[in-house]
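J.: The structure's right below; bear with me while I get my questions together.
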Amino acid sequence: MPSKLLLRTAAALTGSLALAVSLTACGGSATAGSGKGGEAKVVTVYSADGLKGEKGDGWYDEVFAEFTKKTGIEVKYVEGGSGEMVQRAVREKTNTQADVLITLPPFIQQADGKGLLRAYTPQGSEMVNGADKAADGKWTSVVNNYFGFVFNKKELAEAPRTWEELLDPKFKGKLQYSTPGVAGDGTAVLIKSMHDFGGKEPAMEYLKKLQANNVGPSSSTSKLAPKTDKGELLVANGDVQMNFAQSKSMPNLGIWFPAKDGGKPTTFALPYAAGLVDKAPHTENGKKLLDYLLSEEAQQLVSGVGGGFPARTDVKPTDANAVELTRIMTGVEVFEPNWADIDANLTAYVDAWKSATGS
């Protein structure tokens, strides 16, 4: 596993991992909802959690509302863990309900492998970094993001520095991470630990020890931050975009990145990747929404409203959120997982985790 992972610094990431997309905004015609075949003015999105605000103030809330205003197309939204959304779409293959699927890696690749996605090349996607989109046009990242952890700043004077510190008995019943294979951020725990510890076996050996402190499974990562803010948990997993946005209403939430003892803190890109669902009931409306999510207008709101990193390299925000996000990432080493390997071996990795932890 580690031989397939390439280390890159956070500084290098700023240019090379940012997703570059140049798109025009969706047209403003009120009849845009009537696509080929007289499509209804609706589009259904199945998405991983993190981009919709708990108080209606998230990136999705704002861009969906503006999209509907411009096009007359209503957005119906279904949320869950990345794996959960893919599994639901698989169950519905004979009666497809979703038009657009948005998940974290490796679940967008998994969705493609299960024949759920239809090729569509959004306007300007030729500017997207090759690693951040499918070569055949099956999916394109729409918001950049990074894996991370949260801690309670009120109960802990400072964030833990290493994985090993989490084995301390003081974290017993006060630590939780979302379920690998079900949640994208939970699967990220496996990916990062295998990288940091140098392979599957040492990572599973560590996670077996950590299980003594772990509260238990959670299908959704977004539910862990409120528990951490309240002090029910001291530490949980998450991702930078979601947790940064949550911290605006959760003052005790701090973001950190574990290091292996003697090593540097690490993370990897965990973007929200979107694809058009095959045999979708409203295909043309799905295409319009993908175009709009990647429009300059929508991308300008990613940091200021969503607390994330714009997918377009020509959108360079200077708002307070963007400045703080840059600070959070400073000094963090960013590695690039081999997603093809993870996609091919995900079941085996999750099974190894289940065996190690008794989950």
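J.: Against the condition at pLDDT below 95, crowded, with 24+ Cβ neighbours inside 10 Å and assigned by TED's automatic domain parsing to the domain that holds SER193, how does ALA311 come out, does it pass?
T.: Answer is no for this residue.
J.: Which condition number in (1) touching a helix residue (DSSP H, G or I) at 6+ places or on another chain (Cβ under 8 Å); (2) surrounded by fewer than 19 Cβ atoms within 10 Å (Cβ to Cβ); (3) more than 23 Å from LYS223 (Cα to Cα); (4) modelled with pLDDT under 95 is the one that GLU54 fails?
T.: Evaluating GLU54 over (1) touching a helix residue (DSSP H, G or I) at 6+ places or on another chain (Cβ under 8 Å); (2) surrounded by fewer than 19 Cβ atoms within 10 Å (Cβ to Cβ); (3) more than 23 Å from LYS223 (Cα to Cα); (4) modelled with pLDDT under 95 leaves (3) as the failure.
J.: Among the residues of segment 100-144, how many are of a type in the set (D, E, K, R), assigned to a loop (DSSP other than H, G, I, E, B) and more than 26 Å from GLY186 (Cβ to Cβ)?
T.: 1
J.: Given the criterion of a type outside the set (S, T, N, Q), part of a loop (DSSP other than H, G, I, E, B) and touching a His at 6+ places or on another chain (Cβ under 7 Å), identify the matching residue among GLU39, GLU54.
T.: None of the others qualify; the one that does is GLU39.
J.: Within segment 172-179, is there a residue that is in contact (Cβ under 8 Å) with a residue 12 or more places away in the chain and in a helix (DSSP H, G or I)?
T.: Scanning segment 172-179, I find no residue that is in contact (Cβ under 8 Å) with a residue 12 or more places away in the chain and in a helix (DSSP H, G or I), so the answer is no.
J.: Of the conditions (1) touching a residue at least 40 places away in the same chain (Cβ under 8 Å); (2) closer than 16 Å to TYR272 by Cα, THR71 satisfies every one except a single condition; which number is it?
T.: Exception for THR71: condition (2).
J.: Take the conditions part of a loop (DSSP other than H, G, I, E, B) and modelled with pLDDT of 95 or more and apply them to ALA203. Does it pass?
T.: So ALA203 does not fit the description; no.
J.: Moving to a separate point now. Restricting to segment 280-302, give me the number of residues that are assigned to a helix (DSSP H, G or I) and of a type in the set (Gly, Ala, Ser).
T.: Qualifying residue count, segment 280-302: 2.
J.: Would you mind finding the one in ALA98, ALA65 that is aliphatic (A, V, I, L, M), assigned by TED's automatic domain parsing to the domain that holds PRO281, over 18 Å from the mean Cα position of the chain (by Cα) and crowded, with 21+ Cβ neighbours inside 10 Å?
T.: One residue alone meets the criteria, ALA98.
J.: Of all the residues that make up segment 145-167, how many are within 19 Å of THR187 (Cα to Cα) and either among the small types (Gly, Ala, Ser) or without any contact (Cβ under 8 Å) to a residue 60 or more places away in the chain (or both)?
T.: Of the residues in segment 145-167, 1 are within 19 Å of THR187 (Cα to Cα) and either among the small types (Gly, Ala, Ser) or without any contact (Cβ under 8 Å) to a residue 60 or more places away in the chain (or both).
J.: From the residues in segment 203-234 that are in contact (Cβ under 8 Å) with a residue 60 or more places away in the chain and among the acidic types (Asp, Glu), which one is nearest to LEU253 (Cα to Cα)?
T.: Once the filter is applied, the top-ranked residue is ASP229.
The values are calculated or read from the model by the stated rules, or taken from the named source; none is laboratory data. Not measured: the values here are computed from a predicted model. Glycine gets a Cβ as well: all are built from the backbone with ideal geometry, and neighbour counts include every protein chain shown.
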